[in-house]
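Comments concern the structure below.
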Amino acid sequence: MKTMQVCLNVNGESKEWSIAPGDLLLDVLRREGYFGVKRGCEAGECGSCTVLVNGKPINSCLMFAAQAEGREVLTIEGVEQGGKLDPLQEAFLEYGAVQCGYCTPGMILSAKALLVKHPDPTEAEVRDALAGNFCRCTGYLKPVEAVLAAARIYRQVGPSGARPRAKHRSALHGKKR
Amino acid sequence: MNANRSVVGKNLRKLDGFKLVTGRPAFTDDIHIPGLLYGKILPSPHAHARIKRIDTRKAKDLRGVHAVLTYKDVPRVPHTTAGQSWPEPSPYDTYLLDSKMRFVGDRVAAVAAESRAIAEEALRLIEVEYEILPSILEIEQAMADGAPVIHDEPDSTGIHDAQTNLAGYILREIGNVEDGFRESDLVVEREFRTQRQQHCPLEPHITISWLDSDDRLVIRSSTQVPYHTRRQVAMILQISVQRVHVVKPRIGGGFGGKQEMLLEDICGALVLATRRPVKIEYTREEEFYMARSRHPQILNIKMGVKRDGTLMANKMTVLATTGAYGSHANTVQGNTGSKVLPLYRTPNMRFECHVVYTNTPVAGAFRGYGCPQGFFAQESVIDEIAQELGMDPVELRKKNMIRLGDIDDLSAQLGEGRKGLPRHVRSCGLPECLERGAAAIEWAVKRQTLPQTTGHLRRGVGVACSMQGSGIAGVDWASALLKLNEDGSFNLQVGAADLGTGADTVLGQIAAETLGVTLDKMIVCSGDTDFTPFDVGAYASSTTIISGGAVKKASEKVRDHLLRIASKMLDIPVDNLTCRDNQVVTKCECEKSVSMEDLAHYAMYKEKVQVMENASHWNTDSPPPFCAQFAEVEVDTETGQIRVVHLVTAVDLGVAINPMQAEGQSEGAVAQSLGYALTEEMVLDASGRVINPSFLDYKMLSAKDMPKLTTILVETEEPLGPYGAKSVSEIPINAPAPAVANAIYHAIGVRFRRLPIRPEDVLPALREKELPSPQRS
């Protein structure tokens, strides 16, 4: 099979992977052990495979891995910092926003993208931000409450403290160190 | 309920929450296995057909293909895929692979290949010649004269009457309904139709299987029923139970759809054929037509009342389809009678149901298990009767509802596919549910002030009630094993299958409460047939009450043992000791204590004894939880759009072991039910193919679509439940749909008797009613 190299930054670490041109980012991330990226529909409809690419939530089932060249990817594995949970992760636990947990990584990442840009959202804005993440367990009330609670912490800590770590690392541009 | 409790009744974090919020590998697919093959199933393109010729040579010759299996290659063992206690009350009408196809999506063949792409290519290379048979898609056609026979094979068993496509038939009567109708002042008879709803767990069905170094078949699977699956797979593959090891990791939701042995048999067959590890995972599209769905029903309900609102007779006649196979056919439909009709005291009750085969996707267990259909019909008619009598719908319900101390004999007649046990109401918070729910939605005010007419928008409020069970009386049972470790922590091993419901946490709380330790001392392992003792699995709202009962018993035995050891250590009589705050302490004022850790060290290294106990538990009754649900809706008379504004759930769940989790169960059930009421339907075309097998075309509610939710936990003390608990996971899915339908009636004066209630149904109904529309300029 024809392969190519892709260089990207995942959770603050530079990576160089051999991929096939048609490989989806979802499949490559899972193959590389980022199991927090979940497969739910492979059609960009459920949001379980959400990752942040340069800070923006995308469905990794709709993006070729090759398109991640030179980008910064944040998966759920990179949200926890130095063994300390992100306020969103803490809030999801504290508010009972996790049931089966399959949609949780995608929801937390969508919420994180929102809060980094906009740490003082209304409930409607939170619901808007989560609208691309289907959850079949919770009815969304507790996840929405959790995001609003985490937003209060984000506002106290300030946007920089709450930003994805990947943002602080020098961006890689396609080449090995 | 009890202020002295330190773990039970607390909003503690989920034990498995940390790994879920951090994305740690926890689910079936979160594992890399060297040499893994990808399994794929070739689905039938025809609703009803016989394989005349099947040629797999080209597929087998494809590089990277390791096995291609057809009906010729596997044992023919009639079975049911329903994950139920042996002997299953569902017909044995299913085969690992068969030469006859009974729905679009039925298994034609299965392949295992080195990649998914190769497996998919191999499916395309299988040449099949079909003899296409006339098919039955409509539920009413199934029993017509001359209808094609779907199960004409001679070896299936347990089918009520295969020649008339009758999978199951139920008739039960208490009193005489015809007498009851004669004694009634008002008789209302109506017909209702409900649709095919899909579970849509975010994690599709997935199984990974391999042979371990002892040549045993390991099945790592997204299942609610590890033990039933082990038994069924062994039978189907004709190997001993001893050779099968089923492992349930974290599950990405099930809702009944995984109370089914669905992929494990074919995956195991491919493993045995290739001697390589194999994974089969449904795509979302396959999930829609190859997994299970809620049974569609046509319900005729006839109720008779006295002028003062006293119910005299309740007759429900149901025609349901189980699709091509009879998985859960008898039991789901039995529930439609046994859990719905007895909600109201009625001297004369009759329930009759025909469950027919059709050439459509297979129905199965789905949260609510027959109740959402039944309550939609019954609660709509109750509302209509209230309207006719000029009574408040809440008052009519209060007048007739089942009460504390009642014995419901219908459930005795309608057990798990066979004669059951009478249901005694030992706890009942339904009156309080109605009162607190009504207050939360401002019922009294809104019934007076609505329907409010603001331009083209009309608002209304509606109510509906329901009951459920807590485990299957006399059938469900569970066991638990509890072991003390030297640091004072405990291994709690349960066969119960947490599928995302929080069962591990709730069971851990029951054990921790009983042992006087904090929840963080519990290491819970669930759903592994080698390492945890038997449990029927996660279904029938049984885990908290049945598995929890086993956990409580095992914990009490361990506690007794701990006290005996502490008694020796402290030289204090056992009856003066108790477990509290991670230690054994004296009850008297002498205030001696020993920590669990010191006690464990003493037991292990001085006494040389492993403190470890197990216990089993079952109930002779299925204590019903109760629920009252209120909806406020807004109907747009220009577009027919229905918006639910507020949905109140007041649920009597016994004692809430973890109130936060209990609320979450309720809120999730409500979201599924609002989809059932308004948007969700699997639609088949004229050939029996599902035309909307995606989340784009099958509309579940998103965070943006949800109304304001209010959840009220009405706690009662259930004598048969651990710490007074009943159940909560299913019941709140029953009544939102009728509450919404009743609210729509309140808003616009139109009754809808078919689900889902869509804008395209509302608009013509409004035109027919000639509701004055606002003036346009």
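Rule-based calculations on the coordinates, nothing more; no lab input. This one's a predicted model, so the numbers in the text were calculated from it and none came from an experiment. Using ideal geometry, Cβ is built from the backbone for each residue, glycine included, and neighbour counts are taken over all protein chains shown.
Under the Karplus relation 6.51 cos²θ - 1.76 cosθ + 1.60, θ = phi - 60°, what is the ordered set of whole-Hz ³J(HN,Hα) values for the stretch B:702-717, x standing for Gly and Pro?
These are the phi-based 3J(HN,Hα) values: 9, 4, 6, 8, 7, x, 4, 10, 10, 10, 10, 8, 9, 8, 10, 9 Hz.
Projected onto the charge dipole of the protein assembly as shown (+1 at Lys/Arg Cβ, -1 at Asp/Glu Cβ, origin at the Cα centre), which of B:PRO719, B:PRO624, B:VAL65 gives the Cα projection farthest towards the positive end?
Positive-end residue among those listed: B:VAL65.
Is it possible to state the helix-based mean residue ellipticity at 222 nm for chain B, with each DSSP H run of 4+ residues giving -39500 (n - 2.57), the sum divided by total residues, to the nearest 500 deg cm²/dmol? What is it? Intermediate results must be reported in sequence, preceding the final value.
Values: 19 runs with 202 residues, N = 777.
It comes out at -8000 deg cm²/dmol, rounded to the nearest 500.
Separation of the stretch B:208-278 and the stretch B:555-606 by C-alpha centroid, Å?
Rounded to whole Å, the Cα centres lie 43 Å apart.
Once every Cα of the stretch B:248-345 carries one equal point scatterer and solvent is ignored, give the base-10 log of I(q)/I(0) from the Debye formula at q = 0.10, 0.19, 0.20, 0.25 Å⁻¹, two decimals.
So the normalised log intensities are -0.48, -1.04, -1.10, -1.36.
Highest GNM mean-square fluctuation, chain A, Cα pairs closer than 10 Å: which of A:ARG39, A:ARG71, A:ARG136?
A:ARG136
Which number comes out as Rg/Rh for the stretch B:564-654 once both Rg and the Kirkwood Rh are worked out on C-alpha atoms?
Working: Rg = 27.2 Å, Rh = 18.8 Å.
Answer for the stretch B:564-654: 1.45.
Take the eigenvalues of the Cα gyration tensor for the protein assembly as shown, scale each by 5, and report the square roots as semi-axes in whole Å, largest first. Write out the running numbers ahead of the final one.
On the way: eigenvalues 318, 267, 205 Å².
The three semi-axes for the protein assembly as shown are 40, 37, 32 Å.
Just tell me how shielded B:658-668 is by partners: mean number of partner chain Cβ atoms within 10 Å of each residue's Cβ, no decimals. Please report the intermediate quantities before stating the final value.
On the way: counts 1, 1, 5, 4, 1, 5, 11, 5, 2, 8, 10.
Per-residue shielding by partner chains comes out at 5.
What relative contact order, as a whole-number percentage, does the stretch A:4-77 give when Cα pairs under 8 Å and 6 or more residues apart are counted?
Numbers: 152 pairs, mean separation 29.1, N = 74.
In percent, rounded to a whole number, it is 39.
Please compute the average number of Cβ atoms from other chains found within 10 Å of each residue's Cβ in peptide B:22-35. Each step should come with its number before you reach the end.
Details: counts 12, 18, 6, 5, 4, 7, 0, 4, 5, 1, 4, 0, 0, 0.
Mean shielding count: 5.
Looking at the stretch B:608-704, which trypsin sites (Lys or Arg not before Pro) are in a loop (DSSP not H, G, I, E or B) and have at most 14 other Cβ atoms within 10 Å? Let's see the in-between values first.
Numbers: sites: B:LYS608, B:ARG643, B:ARG689, B:LYS699, B:LYS704; in loops: B:LYS608, B:ARG689, B:LYS699, B:LYS704.
Sites meeting the loop and neighbour criteria: B:LYS608, B:LYS704.
Over 50 Å apart: what share of the alpha carbon pairs of chain B falls there, rounded to a whole percent?
Values: 53245 of 301476 pairs.
I get 18 percent for the Cα pairs in chain B exceeding 50 Å.
Taking Cα atoms of the stretch B:283-417, Rg/Rh with Kirkwood Rh, to two decimals? All intermediate terms of the calculation are to be shown ahead of the outcome.
Working: Rg = 16.5 Å, Rh = 15.8 Å.
Using Cα coordinates only, the ratio equals 1.04.
Hey, got a sec? Which GluC sites (Glu not before Pro) in the stretch B:33-140 land in a DSSP loop and have at most 15 other Cβ atoms within 10 Å? The partial results should precede the final answer.
Numbers: sites: B:GLU114, B:GLU120, B:GLU121, B:GLU127, B:GLU129, B:GLU131, B:GLU138, B:GLU140; in loops: B:GLU114, B:GLU138.
Passing both the DSSP loop test and the Cβ count: B:GLU138.
Ignore the peptide's own chain and count Cβ atoms of other chains within 10 Å of each Cβ in A:86-98; give me the average, rounded.
On the way: counts 2, 0, 1, 6, 2, 1, 5, 6, 4, 4, 15, 5, 11.
Other-chain Cβ atoms within 10 Å of each residue's Cβ, averaged: 5.
Rg(Cα) of the stretch B:1-45 divided by 2.2 N^0.38 Å?
Details: Rg = 20.5 Å, N = 45, 2.2 N^0.38 = 9.3 Å.
Normalised Cα radius of gyration, the stretch B:1-45: 2.20.
Take the Cα atoms of the stretch A:4-77, build their convex hull, and give its volume per residue in Å³. Each step should come with its number before you reach the end.
On the way: hull volume 5.3 nm³, N = 74.
Dividing the Cα hull volume of the stretch A:4-77 by its residues yields 72 Å³.
Could you give each residue of the stretch B:384-389 its phi-based ³J(HN,Hα) in whole Hz, using Karplus coefficients 6.51, -1.76, 1.60 with θ = phi - 60°, and x for Gly or Pro?
Working through the residues one at a time gives 5, 5, 4, 4, 4, 7 Hz.
Highest first, please rank the peptides A:56-65, B:368-377, A:143-152 by the mean number of other Cβ atoms sitting within 10 Å of their residues. Write down the numbers at each step before the final one.
Values: A:56-65: 20.8, B:368-377: 30.1, A:143-152: 23.2.
Per-residue mean Cβ counts within 10 Å order the peptides as B:368-377, A:143-152, A:56-65.
Could you compute Rg(Cα) / (2.2 N^0.38 Å) for chain A, with N its residue count? Write out the running numbers ahead of the final one.
Numbers: Rg = 15.8 Å, N = 177, 2.2 N^0.38 = 15.7 Å.
Ratio of Cα Rg to 2.2 N^0.38 Å: 1.00.
Defining a contact as two alpha carbons under 8 Å apart and six or more residues distant in sequence, what relative contact order in percent does chain A show? Don't skip to the end; give the middle numbers.
Numbers: 344 pairs, mean separation 48.8, N = 177.
With pairs under 8 Å counted, the relative contact order is 28 percent.
For chain B, calculate the relative contact order in percent as a whole number, restricting contacts to Cα pairs under 8 Å that are 6 or more residues apart. All intermediate terms of the calculation are to be shown ahead of the outcome.
Working: 2050 pairs, mean separation 117.3, N = 777.
Contact order relative to length: 15 percent.
Which parts of the stretch B:735-754 would a label at B:ARG193 reach, counting a residue when its backbone N lies under 12 Å from a point 7 Å out along Cα-to-Cβ?
Zone members listed by number: B:753-754.
Based on the mean of other Cβ atoms within 10 Å per residue, sort peptides B:629-641, B:172-184, B:286-298, B:100-112 so the most packed one is first. Could you put the intermediate results ahead of the total?
Values: B:629-641: 22.8, B:172-184: 16.9, B:286-298: 24.5, B:100-112: 26.1.
Final packing ranking: B:100-112, B:286-298, B:629-641, B:172-184.
With the alpha-carbon atoms as the only input, what is the per residue convex hull volume for the stretch B:598-705 in Å³? Don't skip to the answer; put the middle values down first.
Working: hull volume 30.0 nm³, N = 108.
Expressed per residue, the convex hull around the Cα atoms of the stretch B:598-705 is 278 Å³.
Distances longer than 19 Å among the Cα atoms of the stretch B:158-273: what percent of all pairs is that?
Working: 4251 of 6670 pairs.
So the pairs more than 19 Å apart make up 64 percent of the total in the stretch B:158-273.
What Rg and what Dmax come out for the stretch A:81-138 when only alpha-carbon atoms are used, in angstroms?
Rg, Dmax (Cα atoms, Å): 11.3, 32.
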